[in-house]
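Step one of this worksheet: look at the structure below.
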Amino acid sequence: MINSTMMRRSLRRWFALFLLPMVAAFCIGFVWPFLHGLFLSFCKFKTTSKWTWVGIDNYVKAFADESFRYSFTYTAVFAIVSLVLINVLAFAVAYALTQKIRGANLFRTVFFMPNLIGGIVLGYIWSMIFDGFLGRYGTSIITDSTWGFWGLIILMCWQQIGYMMIIYIAGLQAVPEDMLEAARIDGATPWQTLWKVTIPNVMPSITICMFLTLTNGFKLFDQNLALTGGLPYIINPDGTSVHTTEMLALNIYNTFYGQNSSARGVAQAKAVLFFILVAGIGLAQLTATRKKEVQQ
Amino acid sequence: MNNLSSAKKIKTAVSIFFAVLCVIYVIPVFMVVLNSFKINTFVKTDTFAWPGGEMFAGWDNFIKGMTFGNYPFIKSALYSLVITLLSTFLIIMCTSMAAWYINRVNSLFCKIVYFACVFSMVVPFQMVMFTLSKTADVLKLNTPWTIPIVYLGFGAGLAVFMFTGFVKSIPLEIEEAANIDGCGPVRTFFLVVLPMLKPTMISVAILEIMWVWNDYLLPYLVLDINEYRTIPIHVQYLKGSYGTVDLGATMALILMSIIPVIVFYLTCQKHIIKGVAAGAVKG
């Protein structure tokens, strides 16, 4: 005990070497921008140096912004649809690949591959494919918002199934073999074994994958920007416009860097709301599904 | 016996099914290859056709792709490489040291830092992007050689979290033994702790490489774009002038940018898959 106290004391002297670099960078790259952003969401500003306090005005404007509300609904629908599709398909693939079938390793390699390619490049590849296909019917991915939605869903499934599959495979491989054996001996059908033994045991993986796909869906930016960029848009009678395939992150980005630079306060307020939403969903989901996990 | 052979048949059927699915899965990448050898005008009209006859462009697209968009492709590839390697190295070194310090000293300050790191993991980039890009500008972190500090700052959360999780499982006795043998904290860390952290380091490195290499928005907002472009920024610049852009050459450029990634994947596949699983289980 004395030894470890002494070690702790001597380690403390090396604070500048061990902890300081990371903490300094963390303050520059996260803490200060975060607090500064929080503060600026209550201000009217064009640049960070010139601001005037406006209270909750930006938040009122953000809620009144139709394009923001639209992108919220759009993102929520997108996130839920992609969550269901990706998780069901990824689990099915992982389940099949852990049944000792021939070529499982090769299949796993192929399914994971799209994750190595970045969102911008993926968006570009798929916009070429969709346009090549839709061009025959005289439309394109940036003029048809229905295709814009499903196109992005297809892209995200193609990319993320492999990633979630890896997590599910790790979970499935950790299911105790004797439990499955016991179920088999007791005469459980494969279907019963899946629902009563396998799924409760991979609940931690399911929690993680649902958490990841949901937050990924809400935070999606690169693929959205590269595939449709929010197009097509509708112009309202009052002159404002709504981009029909624009998701939240892109809406915030466009408010920040769009033509109207006096809307930056509103953009920052939107960003704070976005942060609360993403963090809230993450935490809510984590606590909700953790309850269902098997206690070990 | 009969039961056994029917189970075997099902497994073969599943194998065949997945083989077909795999072929479908690689079609998008295959389309990139096809179209990179096609003359521009045919990419849009005959996207799915074989680049034969009058459509065949040979290596023209690749030659053109090298200097496409008034920016040499090699330059953007090199900047991507520099940023990725430097950032990953910096993140691994600084966060593993920090995680060890946090766990072993465990003071109130350490607990606050740890909590802040975990908290940062749920904050989306849009929340900090405007203020972060301004801060980076003021501090001159807008070059490929200094942007790794921004990556360390914004990406520290997950890495610290993963390293701390692993450090906790290292028995204190090993470090005490090193201490008795006369090792100070620095030598204890680099000679004893660091080698044990290797599996976690590889996992963290893989996750950071995948993130930084493909990241678009952070370098786009932080770097001086006229001077420095990474591959995603370069590709997005071409996309910006969609319609007038040479699609054949763009596909050649995309192909050149994904070949190294696929080679990297095939060589480090085992580590990548392990890294992803480890990162997720702890996340």
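Of the helices (runs of 4 or more DSSP H) contained entirely in region B:55-166, those carrying at least 1 residues that are under 21 Å from the mean Cα position of the chain (by Cα) and within 12 Å of chain A (Cβ to nearest Cβ) fall at B:73-105, B:108-120, B:125-138. For region A:63-80, the criterion of being over 26 Å from the mean Cα position of the chain (by Cα) and acidic (D, E) is met by none of the residues.
Listed by first and then second residue, the pairs with beta-carbon distance under 6 Å, at least 6 apart or on different chains, first residue in region A:11-29 and at the interface with another protein chain (Cβ under 7 Å from one of its Cβ atoms), second of a type in the set (G, A, S) and buried (at least 22 other Cβ atoms within 10 Å of the Cβ), are A:L19/B:A98; A:M22/B:A98; A:M22/B:A156; A:A25/B:G153; A:F26/B:G153; A:F26/B:A156; A:I28/B:G153; A:G29/B:G153.
Within region A:214-241, residues that are at pLDDT 80 or above reach partners that are of a type in the set (K, R) with beta carbons closer than 9 Å, at six or more positions or on different chains, in the pairs A:L225/B:K239; A:A226/B:K239; A:G229/B:K239.
The single condition among (1) part of a helix (DSSP H, G or I); (2) of a type outside the set (G, A, S); (3) in contact (Cβ under 8 Å) with a residue 12 or more places away in the chain; (4) surrounded by fewer than 22 Cβ atoms within 10 Å (Cβ to Cβ) that A:F68 does not meet is (4). Taken together, B:K8, B:K44 contain a single residue that is in a helix (DSSP H, G or I), loosely packed, with under 14 Cβ neighbours inside 10 Å, basic (K, R) and within 13 Å of chain A (Cβ to nearest Cβ), which is B:K8.
The listed residues are A:T139, A:T213, A:T143, and the only one of them that is part of a loop (DSSP other than H, G, I, E, B), within 14 Å of another protein chain (Cβ to nearest Cβ) and closer than 22 Å to A:A249 by Cα turns out to be A:T143.
The single condition among (1) of a type in the set (A, V, I, L, M); (2) closer than 29 Å to B:N226 by Cα; (3) surrounded by 14 or more Cβ atoms within 10 Å (Cβ to Cβ) that B:A49 does not meet is (2).
One residue alone among A:I101, A:I86 is part of a loop (DSSP other than H, G, I, E, B) and in the same structural domain as A:Q160 (by TED's automatic domain parsing), and that residue is A:I101. Within region B:223-253, take every residue that is modelled with pLDDT of 90 or more and at the interface with chain A (Cβ under 10 Å from one of its Cβ atoms) and give me the one that is surrounded by the fewest Cβ atoms within 10 Å (Cβ to Cβ). Top of the filtered list is B:I233.
The values are calculated or read from the model by the stated rules, or taken from the named source; none is laboratory data. Every value quoted in this text rests on a predicted model; they were computed, and no experiment measured them. FYI the Cβ positions are ideal-geometry reconstructions off the backbone, even for glycines, and counts take in every protein chain you see.
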